[in-house]
(Lines give C-alpha, C1' and ligand atoms only; values in the text may rest on other atoms or scores of the structure.)
Protein backbone atom coordinates (compact mmCIF):
# COMPACT_ATOMS: atom_id res chain seq x y z
CA UNK A 1 0.00 0.00 0.00
CA UNK A 2 1.47 3.34 -1.07
CA UNK A 3 1.53 6.08 1.54
CA UNK A 4 0.90 9.59 0.23
CA UNK A 5 3.65 11.93 1.45
CA UNK A 6 2.93 15.53 0.42
CA UNK A 7 6.55 16.56 0.97
CA UNK A 8 7.54 14.05 -1.74
CA UNK A 9 4.45 14.25 -3.96
CA UNK A 10 4.51 18.08 -4.06
CA UNK A 11 8.21 18.65 -3.50
CA UNK A 12 8.26 22.03 -5.29
CA UNK A 13 5.62 23.34 -2.86
CA UNK A 14 6.85 21.76 0.35
CA UNK A 15 10.64 21.59 -0.07
CA UNK A 16 11.79 24.68 -2.04
CA UNK A 17 15.41 25.81 -2.19
CA UNK A 18 16.65 28.29 0.44
CA UNK A 19 18.78 30.03 -2.21
CA UNK A 20 16.25 31.91 -4.33
CA UNK A 21 12.62 32.98 -4.39
CA UNK A 22 10.53 30.91 -6.81
CA UNK A 23 7.10 31.32 -8.36
CA UNK A 24 4.80 28.32 -7.94
CA UNK A 25 1.21 27.46 -8.83
CA UNK A 26 -0.47 26.05 -5.73
CA UNK A 27 -3.45 23.82 -6.61
CA UNK A 28 -6.69 23.60 -4.67
CA UNK A 29 -6.16 21.20 -1.76
CA UNK A 30 -8.17 19.96 1.20
CA UNK A 31 -7.20 20.89 4.76
CA UNK A 32 -8.28 20.38 8.33
CA UNK A 33 -8.17 23.97 9.61
CA UNK A 34 -8.81 26.08 12.69
CA UNK A 35 -8.61 29.84 13.35
CA UNK A 36 -7.83 32.16 16.23
CA UNK A 37 -6.22 35.36 17.48
CA UNK A 38 -3.17 35.82 19.69
CA UNK A 39 0.53 35.05 20.06
CA UNK A 40 1.91 31.71 18.82
CA UNK A 41 3.22 31.01 22.32
CA UNK A 42 -0.24 31.62 23.82
CA UNK A 43 -2.76 29.14 25.22
CA UNK A 44 -5.35 29.72 22.46
CA UNK A 45 -2.84 28.92 19.72
CA UNK A 46 -1.42 25.90 21.56
CA UNK A 47 -4.91 24.48 22.11
CA UNK A 48 -5.83 25.01 18.44
CA UNK A 49 -2.72 23.16 17.23
CA UNK A 50 -3.45 20.37 19.71
CA UNK A 51 -6.88 20.00 18.11
CA UNK A 52 -5.39 19.71 14.64
CA UNK A 53 -3.05 16.90 15.63
CA UNK A 54 -5.81 15.20 17.63
CA UNK A 55 -7.96 15.08 14.48
CA UNK A 56 -5.35 14.31 11.80
CA UNK A 57 -4.00 11.16 13.49
CA UNK A 58 -7.44 9.51 13.94
CA UNK A 59 -8.22 10.38 10.29
CA UNK A 60 -5.08 8.44 9.26
CA UNK A 61 -6.24 5.41 11.26
CA UNK A 62 -9.86 5.62 10.05
CA UNK A 63 -8.83 5.94 6.38
CA UNK A 64 -6.54 2.93 6.60
CA UNK A 65 -9.24 0.85 8.28
CA UNK A 66 -12.20 1.93 6.11
CA UNK A 67 -10.71 2.32 2.63
CA UNK A 68 -7.22 0.83 2.91
CA UNK A 69 -5.42 4.08 2.07
CA UNK A 70 -2.60 5.77 3.99
CA UNK A 71 -0.87 9.14 4.15
CA UNK A 72 2.14 10.44 6.04
CA UNK A 73 1.25 12.93 8.77
CA UNK A 74 1.51 16.32 7.00
CA UNK A 75 3.42 19.36 8.27
CA UNK A 76 1.67 22.08 10.23
CA UNK A 77 0.88 25.15 8.10
CA UNK A 78 -0.28 28.61 9.09
CA UNK A 79 -1.77 31.71 7.47
CA UNK A 80 -0.95 34.90 9.38
CA UNK A 81 -2.45 38.39 9.18
CA UNK A 82 -3.64 41.37 11.23
CA UNK A 83 -6.27 44.07 10.74
CA UNK A 84 -3.40 46.56 11.01
CA UNK A 85 -0.25 45.11 9.43
CA UNK A 86 1.83 47.42 11.67
CA UNK A 87 1.01 44.91 14.41
CA UNK A 88 3.46 42.55 12.69
CA UNK A 89 6.15 45.18 12.22
CA UNK A 90 5.78 46.29 15.84
CA UNK A 91 5.48 42.70 17.16
CA UNK A 92 2.05 43.31 18.76
CA UNK A 93 1.51 39.57 18.99
CA UNK A 94 -1.82 39.74 20.85
CA UNK A 95 -3.38 41.15 17.67
CA UNK A 96 -2.02 38.50 15.29
CA UNK A 97 -4.70 36.47 13.51
CA UNK A 98 -4.02 32.99 12.19
CA UNK A 99 -5.48 29.97 10.48
CA UNK A 100 -3.56 26.78 11.25
CA UNK A 101 -3.97 23.95 8.76
CA UNK A 102 -2.93 20.40 7.87
CA UNK A 103 -3.39 19.09 4.33
CA UNK A 104 -5.25 15.82 3.68
CA UNK A 105 -5.65 13.66 0.56
CA UNK A 106 -8.86 14.39 -1.36
CA UNK A 107 -10.20 10.91 -0.52
CA UNK A 108 -10.55 11.92 3.13
CA UNK A 109 -14.28 12.66 3.39
CA UNK A 110 -16.66 14.39 5.81
CA UNK A 111 -17.57 11.11 7.51
CA UNK A 112 -13.93 10.36 8.38
CA UNK A 113 -13.45 13.92 9.62
CA UNK A 114 -16.57 13.78 11.82
CA UNK A 115 -15.46 10.45 13.36
CA UNK A 116 -12.00 11.88 14.09
CA UNK A 117 -13.49 15.01 15.68
CA UNK A 118 -15.68 12.84 17.92
CA UNK A 119 -12.57 10.96 19.10
CA UNK A 120 -10.73 14.23 19.78
CA UNK A 121 -13.77 15.64 21.60
CA UNK A 122 -13.59 12.79 24.13
CA UNK A 123 -10.04 13.90 24.95
CA UNK A 124 -10.14 17.69 24.55
CA UNK A 125 -13.72 18.67 25.34
CA UNK A 126 -15.86 21.15 23.41
CA UNK A 127 -15.14 21.30 19.67
CA UNK A 128 -13.82 24.73 18.52
CA UNK A 129 -16.34 26.53 16.30
CA UNK A 130 -13.78 27.25 13.56
CA UNK A 131 -12.53 23.63 13.24
CA UNK A 132 -13.44 22.34 9.78
CA UNK A 133 -12.52 20.30 6.71
CA UNK A 134 -12.34 22.67 3.74
CA UNK A 135 -10.72 23.18 0.35
CA UNK A 136 -8.28 26.06 -0.04
CA UNK A 137 -6.79 27.41 -3.28
CA UNK A 138 -3.88 29.87 -3.31
CA UNK A 139 -2.85 29.78 -6.97
CA UNK A 140 0.21 31.77 -8.02
CA UNK A 141 2.60 32.31 -5.10
CA UNK A 142 6.16 33.35 -4.29
CA UNK A 143 8.04 31.18 -1.83
CA UNK A 144 11.42 30.28 -0.37
CA UNK A 145 12.80 27.98 2.34
CA UNK A 146 13.93 29.76 5.51
CA UNK A 147 16.50 27.87 7.58
CA UNK A 148 16.90 29.13 11.14
CA UNK A 149 14.83 30.49 14.03
CA UNK A 150 11.34 31.85 13.37
CA UNK A 151 12.54 35.14 14.88
CA UNK A 152 14.93 35.62 11.94
CA UNK A 153 12.34 35.35 9.15
CA UNK A 154 11.68 39.10 8.88
CA UNK A 155 14.59 40.09 6.57
CA UNK A 156 13.66 37.34 4.07
CA UNK A 157 9.99 38.34 4.12
CA UNK A 158 11.02 41.98 3.61
CA UNK A 159 13.17 41.03 0.58
CA UNK A 160 10.25 39.06 -0.83
CA UNK A 161 7.88 42.02 -0.57
CA UNK A 162 10.24 44.92 -1.28
CA UNK A 163 12.60 43.41 -3.85
CA UNK A 164 11.43 40.22 -5.58
CA UNK A 165 7.73 41.08 -5.91
CA UNK A 166 8.17 44.67 -7.23
CA UNK A 167 10.88 43.48 -9.68
CA UNK A 168 8.39 40.96 -11.11
CA UNK A 169 5.34 43.29 -11.03
CA UNK A 170 3.61 41.19 -8.37
CA UNK A 171 1.30 42.29 -5.56
CA UNK A 172 0.00 40.28 -2.56
CA UNK A 173 -3.15 38.26 -3.16
CA UNK A 174 -3.80 36.59 0.19
CA UNK A 175 -2.31 36.04 3.62
CA UNK A 176 1.32 35.30 4.51
CA UNK A 177 1.70 31.50 4.65
CA UNK A 178 4.25 29.45 6.60
CA UNK A 179 4.84 25.68 6.47
CA UNK A 180 6.72 24.24 9.45
CA UNK A 181 8.93 21.31 8.46
CA UNK A 182 10.67 20.92 11.83
CA UNK A 183 9.43 20.42 15.36
CA UNK A 184 10.87 23.25 17.52
CA UNK A 185 10.74 20.90 20.54
CA UNK A 186 13.17 18.50 18.85
CA UNK A 187 15.17 20.58 16.34
CA UNK A 188 17.77 23.22 17.21
CA UNK A 189 16.54 26.74 16.27
CA UNK A 190 19.34 27.23 13.69
CA UNK A 191 18.25 24.05 11.88
CA UNK A 192 14.51 24.72 11.70
CA UNK A 193 13.09 24.71 8.16
CA UNK A 194 10.09 26.90 7.32
CA UNK A 195 8.57 27.49 3.89
CA UNK A 196 7.65 31.19 3.54
CA UNK A 197 4.94 31.73 0.93
CA UNK A 198 3.01 34.74 -0.34
CA UNK A 199 0.11 34.36 -2.82
CA UNK A 200 0.44 37.00 -5.55
CA UNK A 201 -1.17 38.39 -8.69
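Summary of computed values
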| read-out | value |
| --- | --- |
| Test: residue 189 is surrounded by 14 or more Cβ atoms within 10 Å (Cβ to Cβ) and either over 25 Å from residue 27 (Cβ atoms) or modelled with pLDDT of 95 or more (or both) | no |
| Criterion violated by residue 18 - all others in (1) free of Cβ contacts under 8 Å to residues at least 12 places away in the same chain; (2) in the same structural domain as residue 4 (by TED's automatic domain parsing) satisfied | (1) |
| Unmet requirement for residue 117, which otherwise passes all of (1) within 26 Å of residue 11 (Cβ to Cβ); (2) in contact with a helix residue (DSSP H, G or I) (Cβ under 7 Å, 6 or more places away or on another chain) | (1) |
| Candidate set from the stretch 101-149 (those that are without any contact (Cβ under 8 Å) to a residue 60 or more places away in the chain and under 20 Å from residue 194 (Cα atoms)); member that is surrounded by the most Cβ atoms within 10 Å (Cβ to Cβ) | 148 |
| Residue list for the stretch 5-25, filter: in a loop (DSSP other than H, G, I, E, B) and within 16 Å of the chain's Cα centre (by Cα) | 5, 10, 15, 16 |
| Any hit, the stretch 158-165, residues being in the same structural domain as residue 23 (by TED's automatic domain parsing), part of a strand (DSSP E or B), closer than 19 Å to residue 19 by Cβ and modelled with pLDDT of 95 or more | no |
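The values are calculated or read from the model by the stated rules, or taken from the named source; none is laboratory data. Everything numeric here is computed off the predicted structure, so don't read it as measured data. Cβ: placed from backbone, ideal geometry, glycine included. Neighbour counts: every protein chain shown.
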